[in-house]
1. Do you know which residues across segment 261-270 are open to solvent by 10 Å² or more (accessible area, probe 1.4 Å), more than 19 Å from Ala24 (Cβ to Cβ) and not aliphatic (A, V, I, L, M)?
2. Is it the case that some residue within segment 140-155 is out of contact with any Cys (no Cβ under 6 Å at 6 or more places or on another chain) and touching a residue at least 60 places away in the same chain (Cβ under 8 Å)?
3. Given the conditions (1) out of contact with any Leu (no Cβ under 9 Å at 6 or more places or on another chain); (2) of a type in the set (D, E, K, R); (3) surrounded by fewer than 19 Cβ atoms within 10 Å (Cβ to Cβ), which single one is not true for Glu60?
4. What is the number of the single condition among (1) on the phi < 0 side of the Ramachandran plot; (2) within 16 Å of the ligand (Cβ to nearest atom); (3) not in a helix (DSSP H, G or I) that Leu225 does not meet?
5. Working only within segment 1-19, note down all residues that are out of contact with any strand residue (DSSP E or B) (no Cβ under 8 Å at 6 or more places or on another chain) and within 12 Å of the ligand (Cβ to nearest atom).
6. If a residue must be open to solvent by less than 40 Å² (accessible area, probe 1.4 Å) and free of Cβ contacts under 8 Å to residues at least 40 places away in the same chain, how many such residues does segment 159-191 contain?
7. Please go through segment 31-53 and pick out each residue that is within 14 Å of the ligand (Cβ to nearest atom) and either without any contact (Cβ under 8 Å) to a residue 24 or more places away in the chain or open to solvent by 20 Å² or more (accessible area, probe 1.4 Å) (or both).
8. If I filter segment 283-301 for residues that are open to solvent by less than 10 Å² (accessible area, probe 1.4 Å), of a type in the set (Val, Ile, Thr), part of a helix (DSSP H, G or I) and within 30 Å of Arg355 (Cα to Cα), do I get at least one hit?
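The values are calculated or read from the model by the stated rules, or taken from the named source; none is laboratory data. These figures come from a predicted structure and were not determined experimentally. All Cβ positions, glycine included, derive from the backbone under ideal geometry; neighbour counts span all protein chains shown. Remember, those area values only see protein heavy atoms, side chains included, never the ligands or the DNA or RNA. Shrake-Rupley method; radii C 1.70, N 1.55, O 1.52, S 1.80 Å.
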Amino acid sequence: MSEIRVRFAPSPTGPLHIGGVRTALYNYLFAKKHGGKMILRIEDTDQGRFVAGAEDYIIESLEWCGIKFDEGVHIGGAFAPYRQSDRKAMYQQYALQLIENGTAYYAFDTPEELDALRKKYEAKKETFQYGPKTRKGLKNSITLSKEETQQLLENGNHYVIRFKIPENETVTVNDIIRGEVKVDSSLLDDKVLYKSDGMPTYHLANIVDDYLMKISHVIRGEEWLPSAPLHVLLYKSFGWADKMPQFAHLPLLLKPDGNGKLSKRDGDRLGFPVFPLQWKDPKTNEISSGYRESGYLPEAVVNMLAFLGWNPGTEQELFTMDELIQSFSLERVSKSGAKFDLEKAHWFNHQFLHRKTNEELSVYLEKMLVDNHIVFNKSMLPAICELIKDRVTLLPDLLSQSKFFFVAPETYDEKVIQKVWKTETPTLLSEVLPFIENTNPFTAETFEKNIREFCTNKNIGMGMVMNPIRLAIVGTNAGPSMTHVAEILGKEEMIKRIKKGVEKIK
Ligand code: GLU
């Protein structure tokens with residue numbers, strides 16, 4: 001096989017959807033598996049849909065996920081430039097090449113004329129298509145004489161160059177995932193390739209650039225499958241059929257209930273991010289949540305996305321990026337849409353968090369403590385992380401699960417008070433305090449042993465003492481093992497909080 005070269009080719013029309021991240025990921029896994037190159041090309045020919053900041057957002061998102069490029073708009077490369085607006089000047093010659101060989105033509109119909117036609121068809125309950133059936137009645141270089149066409153061009157009339165879809169031809173797209181996809185060309189329309197403002201459309205720029213950049217495989221979302229027959233015809237018209245990349249159209253990402261495509265608007269409505277990073281709309285200032293800011297680890301997001309449309313064919317579910325590269329194959333990508341599953345996303349994140357060392361987790365926790373202006377003793381953090389990590393799904397849980405270590409409760413859960421704070425509790429706790437005072441060294445084991453001894457002597461259950469202690473320490477009945485909490489908090493703080501509890505809880 002000649003060199004594997006794949007590209008991720010987003011349009012900077014807004015934040016990158018996680019479906020787009022998955023497309024980039026599959027391209028990356030495929031390229032790296034085969035020792036190929038991964039390219040980032042920005043397709044910004046539709047200037048009307050350009051959104052400021054979107055390109056930087058795309059780059060930052062992919063970097064966060066650990067998807068690395070060999071060439072691209074941000075790092076350059078042998079086929080630069082990699083932004084289509086910077087390549088503008090090179091597309092015209094290709095459009096003209098197709099005019100020359102008769103597979104494209106000039107069309108002079110004004111937007112108003114086309115609009116009127118569309119309305120006329122709608123009234124008949126039909127859809128207007130500029131194509132084999134209609135082009136002969138419209139204002140273009142097929143119906144006009146050579147001289148008339150020349151005159152219009154010289155007069156500076158607005159025009160577009162349209163591809164001339166062949167009539168009654170079966171176009172075959174060979175798709176690695178879907179096999180042979182056959183389309184009757186008469187269903188296709190004469191797409192605009194180039195406009196007199198000097199801008200190519202997506203179709204022309206995409207094909208020319210894939211050709212010039214020697215792209216070997218086009219791996220993209222299923223929403224582009226309907227364009228693929230046109231792309232195949234374009235390769236043929238240019239005489240590049242033998243250089244045509246192989247296609248692989250990835251299954252759609254579906255809403256959790258399987259009802260339709262996961263859209264950019266779904267995220268915060270359904271309670272999970274659809275964007276890798278938080279995005280602030282530059283026009284409306286509206287904020288959409290991101291995986292990063294919601295406390296997901298990039299490794300978990302990557303693993304989750306890899307499984308939305310692909311599986312390794314084994315029982316293994318947890319994969320590092322390197323393992324994904326080893327195992328990935330387009331042949332194991334499914335044809336049918338993949339349902340987004342929030343519970344699974346949480347599961348992946350929990351698994352990856354759990355695999356971090358206590359020191360690594362401490363770094364995250366430290367940042368949150370600082371951001372929240374909470375005073376803390378850094379040396380306590382690894383032990384705290386060890387104790388709470390079973391209970392952590394998203395990064396912010398590190399803080400919510402451990403906050404009581406740093407901030408003593410000011411209020412106590414009423415329901416828990418009803419349950420665990422009996423008439424004799426204040427007396428019991430006052431009596432247990434000297435036992436705690438005399439626990440030396442003060443560890444989880446010695447603390448437990450002494451409390452147990454106290455309870456045995458009193459002939460009461462451990463819960464009679466431990467439950468109110470937990471309430472005094474945490475403010476509620478939740479949290480990790482009390483004896484370990486005691487060891488980390490230390491004797492002084494334990495005594496202080498128990499005394500305060502006895503005073504305040506009625
Ligand atoms: N610019 C297109 C997009 O947004 C690229 C499609 C393709 O990969 O051909 O998504």
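1. Just the residues of segment 261-270 that are open to solvent by 10 Å² or more (accessible area, probe 1.4 Å), to begin with: 261, 263-265, 268-270.
With the extra rule that they be more than 19 Å from Ala24 (Cβ to Cβ), the set shrinks to 265, 268-270.
Arg265, Asp268, Arg269 - these are the residues of segment 261-270 that are open to solvent by 10 Å² or more (accessible area, probe 1.4 Å), more than 19 Å from Ala24 (Cβ to Cβ) and not aliphatic (A, V, I, L, M).
2. Here is the first cut: in segment 140-155, the residues out of contact with any Cys (no Cβ under 6 Å at 6 or more places or on another chain) are 140-155.
From the residues that got through so far, the ones that are touching a residue at least 60 places away in the same chain (Cβ under 8 Å) too are none.
No - not one qualifying residue is present in segment 140-155.
3. The failed condition is (1).
4. Unmet condition: (3).
5. The initial filter retains those residues of segment 1-19 that are out of contact with any strand residue (DSSP E or B) (no Cβ under 8 Å at 6 or more places or on another chain), namely 1-2, 13.
Selection gives Thr13 alone.
6. Of the residues in that region, 1 qualify.
7. Asp46, Gln47, Arg49, Phe50, Val51
8. yes
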